[in-house]
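The values are calculated or read from the model by the stated rules, or taken from the named source; none is laboratory data. None of these values were measured; they are calculated from a predicted model. Quick reminder, even Gly has a Cβ in these numbers, built from the backbone with ideal geometry, and neighbours come from all protein chains shown.
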Amino acid sequence: MNHKYGFHVNRTGDDVLEAIKRIKPAVIKALDSNVGFWTRVRAVHPDAFLIGRIVADLAEQERFADNPRENGRAFADRILRQEAAKTTFQGKPLFDAWESYNEVFPESASPDRKRKYDEFQVAFGEKIKAAGFEPIAMNFATGNMLGKDFVDYFPGTLETHTYLGFHEYDWPTMWRLHKENIEEKNEGGMWLTLRYRRVMTDVRRVYGNQHRVIITECGMTQGVVGRNDVGWLADPEVSEDDYWKSLLWYNEHLMEDDFVDAALLFVVGASGGWPKWESFEHLGGIIDRLATLQTQEPVPTPTPIPDPDPTPDPEPAETLEQALLAEAQRRQVIEFNPNAALQKQIFAAGFVPNSPEFELSHEGIAYVAQRAENLETGEVRVYYVPVGDWGNIAYESPSTTGEALV
């Protein structure tokens, strides 16, 4: 096959079944585990690697750390009680694998919370494996975690799991930040899309070829640039041709990595429950293009971009301002909490946060910081405060040093 694209399916239906018949993707992920539908899929595409995920609400996901191992086993039991987990097709389980929680916390989560999630994933994975399925680990939001996080905080997961999941998005092309980072900072790119390479360079150095990678979500979202979390169909300036060029570019890189099984297009079969998901729909023209791609000779990338080998993370910046700005640039994942001290000041100044809060130590002082942008002027600021000294918030920008804000 000339591509590694699979399907992230949010709903069932004849149009989804027809797309599966045409493309026969190697990997499919289902949010709707309708047994009748997936039995029909197995009949026409028996070799698909079928992943299930049941949606856990945010409150449930937040509670995993209360008792990680017990909660991991409990969530596995909840999955295994489903009809889809008990159904077989031609003597084999209907589903091959199950995910646990989705985008459970950002990279800025504390080391203790990360270690507890390692315990959760191990307990979940042990029960899922004992029942004859593969667990899919990690599945953090795009732009979160590096190889050091995986190796330092999730050793149990890496020892017990085969499949590691990643989410990768960018906007308004899938190579935007990759290219900018190479050209402007010479850091090697791969901070949003292709980030899995940065992670797997470290993981494979320790664990060799033990793991398989599945990009369990991929595509384009305006959320990565601080706008509403909507897809390519919501912007008239991004055409189907534009998006297809991004998919071809991304696919060419995926094809280079034999440890990557698939990248699942979010979404094939959007659920009507939340209209914004319709803006991510791939049914229609994109499926037609994939069908054509499968029958033709591979074509070169329409927009070549340098792709150096993964490089180590850059050395700490020499000044607090440089360190804050560099770290904030890498963490452009929006996370609103208007009651937080930093965000109160950000909103009061007419700015919008477009990174999570993150911690940074400089000259022996621990800071909490957050990147923000003025949507009218484009000015970028990094608001920060020494840990515990919440009344002395200040900010840095590429051209201005902010005074302490009382």
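Condition test on THR162, is it polar (S, T, N, Q), in contact with a helix residue (DSSP H, G or I) (Cβ under 8 Å, 6 or more places away or on another chain) and not assigned by TED's automatic domain parsing to the domain that holds ASN354?
Values: polar (S, T, N, Q): yes; in contact with a helix residue (DSSP H, G or I) (Cβ under 8 Å, 6 or more places away or on another chain): no; not assigned by TED's automatic domain parsing to the domain that holds ASN354: yes.
Criteria not met by THR162.
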- Item | Filtered residues of the stretch 146-190 (kept if on the phi < 0 side of the Ramachandran plot and among the hydrophobic types (A, V, I, L, M, F, W, C)) | LEU146, PHE150, VAL151, PHE154, LEU158, LEU164, PHE166, TRP171, MET174, TRP175, LEU177, ILE182
- State which residue is surrounded by the most Cβ atoms within 10 Å (Cβ to Cβ) when the search covers only the stretch 23-42 and only residues that are within 25 Å of the chain's Cα centre (by Cα) and outside any loop (DSSP other than H, G, I, E, B). LYS29
- Message: Tell me whether the stretch 269-277 contains one or more residues that are more than 30 Å from TYR395 (Cα to Cα) and either crowded, with 22+ Cβ neighbours inside 10 Å or modelled with pLDDT of 95 or more (or both).
- Response: yes
- Task: Sort through GLY189, GLY223, GLY208 and tell me the only one that's surrounded by 19 or more Cβ atoms within 10 Å (Cβ to Cβ), out of contact with any Asp or Glu (no Cβ under 6 Å at 6 or more places or on another chain) and assigned by TED's automatic domain parsing to the domain that holds ILE128.
- Result: GLY189
- So which of SER239, SER246 is under 15 Å from ARG176 (Cα atoms) and hydroxyl-bearing (Ser, Thr, Tyr)? SER246
- Message: Condition check: more than 19 Å from ASP118 (Cα to Cα) and either in contact with a Lys or Arg (Cβ under 8 Å, 6 or more places away or on another chain) or free of Cβ contacts under 8 Å to residues at least 60 places away in the same chain (or both). Does ILE182 satisfy that?
- Response: no
- Output the residues belonging to the stretch 234-255 that are within 15 Å of GLY284 (Cα to Cα) and free of Cβ contacts under 8 Å to residues at least 24 places away in the same chain. SER239, ASP241
- Query: How many residues are surrounded by fewer than 23 Cβ atoms within 10 Å (Cβ to Cβ) and not in a loop (DSSP other than H, G, I, E, B) when one looks only at the stretch 170-179?
  - Reply: 2
- Task: Please specify each residue of the stretch 91-122 satisfying the condition of being in a loop (DSSP other than H, G, I, E, B) and either outside the structural domain of SER33 (by TED's automatic domain parsing) or in contact (Cβ under 8 Å) with a residue 12 or more places away in the chain (or both).
- Result: LEU94, PHE95, ASP96, SER100, TYR101, ASN102, GLU103, VAL104, PHE105, PRO106, GLU107, SER108
- Query: Within the group ILE215, ILE182, which residue is buried (at least 18 other Cβ atoms within 10 Å of the Cβ) and either closer than 28 Å to ILE28 by Cβ or at pLDDT below 95 (or both)?
  - Reply: ILE215
- Could you run through the stretch 63-90 and say how many residues are free of Cβ contacts under 8 Å to residues at least 24 places away in the same chain and farther than 30 Å from VAL44 by Cα? 4
- Of all residues in the stretch 211-232 being charged (D, E, K, R) and assigned to a strand (DSSP E or B), which is nearest to TYR5 (Cα to Cα)? GLU217
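Okay, residues lined up against (1) over 30 Å from GLY189 (Cα atoms); (2) basic (Lys, Arg); (3) touching a Cys at 6+ places or on another chain (Cβ under 8 Å):
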position: ARG78; (1), (2), (3): yes, yes, no
position: GLN90; (1), (2), (3): yes, no, no
position: ASN102; (1), (2), (3): no, no, no
position: GLY125; (1), (2), (3): yes, no, no
position: GLY132; (1), (2), (3): yes, no, no
position: ASN139; (1), (2), (3): no, no, no
position: LYS148; (1), (2), (3): no, yes, no
- Query: Is at least one residue of the stretch 377-394 surrounded by fewer than 20 Cβ atoms within 10 Å (Cβ to Cβ), at pLDDT 85 or above and acidic (Asp, Glu)?
  - Reply: yes
